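Read the structure below first, then the notes.
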Amino acid sequence: MDIKAYISSGIIESYVLGLASEEEVSILNCIRKNNVEVEQAIAEAEKALEELADIQAMAMPVSLKEDIWNKLNAENLVAFGDPSEGKETESSTLDHNIERNSGEEPSNIIAPRKSYNWAIAASVLLVLSVGVNVLLYQRTNETKDKLAQTSVLFDQQQASLATLQNKWRLVQNPAIKTIPLKGVENKPDLYALVFWDQLSKAVYLNLEQMPVAPKGKQYQLWAMVDGKPVNAGVFPLDAKVDGTSKMLDIPKAQAFAITLEDEGGKDVPTLSELYVMGGI
């Protein structure tokens, strides 16, 4: 058996605190008879707990001492005296009378006191352990929450940065014409941007200030070509509202407009659902 591993397993502390099982106690008692290291470890554990109990010990309140003294006086168990005459004398007399009336030897009184100290030590250790675990649990959860919030914020900032960079590349490209689409009379606050590549004829749409399309609906872009609306594609459902999406290529146009259509789009625009438009 690896004695050092056995000692460090915590069995000795459990034994000293009275928490070990009968089987564990039986095994430990058998080992300690033949092993000096185990015996010494038990002695050290008992001493450590005694010292901890002494540190945590609380003095008896003066009022409680006086109550006991008065009760003993009332029952004629001690000679009548003034409990205020010297705390040291009173304490000594009280301890002496308690010992005398108990009918027990001093050695028999020490044992309960020692057991009481062990109980205090065990309680203190339990409270400290629970307190530390609760504190660590709270701090761990707080740290996890902060990390999660930071991660979400970082992802949002990265997405916004990517959107701005993409838009900036389009704006800076000399071959691309930027066409602002403004809200119609009953929707003055709406705004969108069309980026039209004059070389490749590619069209990109950014729903700058447009509400999210209702469920079952989709924004559709139209190019006005010689006075007739030409389908330029629907804005993807999975695309972000503030993102820029590639639409259908348009060779020529005099204006662009956006309507709200049923999901999938239509062959002709619903004029009553016209949101924004802008000329070139």
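The values are calculated or read from the model by the stated rules, or taken from the named source; none is laboratory data. All values reported here derive from a predicted model rather than from experimental measurement. When we count neighbours, we look across all protein chains shown, and the Cβ atoms used for this are built from the backbone with ideal geometry, even at glycine. The accessibility values were calculated without ligands, DNA or RNA, using every heavy atom of the protein model including side chains. Shrake-Rupley method; radii C 1.70, N 1.55, O 1.52, S 1.80 Å.
Which one is nearest to LEU190 (Cα to Cα) among residues in segment 233-260 that are in contact with an Asp or Glu (Cβ under 8 Å, 6 or more places away or on another chain) and surrounded by fewer than 17 Cβ atoms within 10 Å (Cβ to Cβ)? Break it down into steps so the answer makes sense when it comes.
As a first pass, look at segment 233-260 and keep what is in contact with an Asp or Glu (Cβ under 8 Å, 6 or more places away or on another chain): 234, 237, 242, 254, 259-260.
Keeping just the survivors that are surrounded by fewer than 17 Cβ atoms within 10 Å (Cβ to Cβ) gives 237, 242, 254.
Working: LEU237: 19, ASP242: 13, GLN254: 21 Å.
Out of the qualifying residues, it is ASP242.
Residues of segment 179-210 that are over 14 Å from SER245 (Cα atoms) and either free of Cβ contacts under 8 Å to residues at least 24 places away in the same chain or part of a strand (DSSP E or B) (or both): ILE179, PRO180, LEU181, LYS182, GLY183, GLU185, ASN186, PRO188, ASP189, TYR191, GLN198, GLN209. Among the residues making up segment 209-232, those that are open to solvent by less than 10 Å² (accessible area, probe 1.4 Å) and not aromatic (Phe, Trp, Tyr) are GLN220, LEU221, ALA223, ALA232. Residues of segment 1-52 that are open to solvent by less than 70 Å² (accessible area, probe 1.4 Å), modelled with pLDDT of 80 or more and among the hydroxyl-bearing types (Ser, Thr, Tyr): TYR15, SER21.
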